[in-house]
Amino acid sequence: LPVQSAITQPRPGAAVPAGELTVKGYAWSGGGREVVRVDVSLDGGRTWRVARLKGERPAPGRAWAWVLWELEAAAP
């Protein structure tokens, strides 16, 4: 399955001041495949940045749960 992801912070519709912003979320895949990368766009898909995956890395073929990720970037 393709990687699925959700943003948990900031909340949908939240007012975000200009400046440094931390975006957080979680991602998962299927079939025990590990999530190795999450890309995040803050400008409607024009540009993409690679988020940092958090937590321990699972053994190959044992990635049955979601992984947390976060990205620190300047908010437009």
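The values are calculated or read from the model by the stated rules, or taken from the named source; none is laboratory data. If you're wondering where the values come from, they're calculated on a predicted model, not measured in any experiment. Cβ coordinates were reconstructed from backbone atoms using ideal geometry, including for glycine residues, and neighbour counts include every protein chain displayed. For the accessible areas, the whole protein counts, side chains as well, though only heavy atoms, and no ligand, DNA or RNA atoms are used. Shrake-Rupley method; radii C 1.70, N 1.55, O 1.52, S 1.80 Å.
Some notes on this structure:
- When 28, 48, 64, 69 are checked against the criterion of being touching a residue at least 60 places away in the same chain (Cβ under 8 Å) and among the hydrophobic types (A, V, I, L, M, F, W, C), a single residue qualifies: 69.
- Residue count for segment 39-66 satisfying the condition of being within 26 Å of residue 15 (Cα to Cα) and open to solvent by less than 60 Å² (accessible area, probe 1.4 Å): 6.
- Once segment 7-16 is narrowed to residues that are farther than 16 Å from residue 74 by Cβ and in contact (Cβ under 8 Å) with a residue 12 or more places away in the chain, the residue that is most open to solvent (accessible area, probe 1.4 Å) is 7.
- Residue within segment 17-36 that is of a type in the set (Ser, Thr, Tyr), open to solvent by 40 Å² or more (accessible area, probe 1.4 Å), more than 15 Å from residue 7 (Cα to Cα) and at pLDDT 90 or above present: no
- Residue list for segment 37-76, filter: modelled with pLDDT under 90, touching a Phe, Trp or Tyr at 6+ places or on another chain (Cβ under 9 Å) and not hydrophobic (A, V, I, L, M, F, W, C): 58
- Residue check, residue 75 of a type in the set (A, V, I, L, M), touching a residue at least 12 places away in the same chain (Cβ under 8 Å) and either open to solvent by 50 Å² or more (accessible area, probe 1.4 Å) or in contact with a Gly (Cβ under 8 Å, 6 or more places away or on another chain) (or both): yes
- Restricting the search to strands (runs of 3 or more DSSP E) fully inside the chain and requiring at least 1 residues that are of a type in the set (S, T, N, Q) gives 4-9, 19-28.
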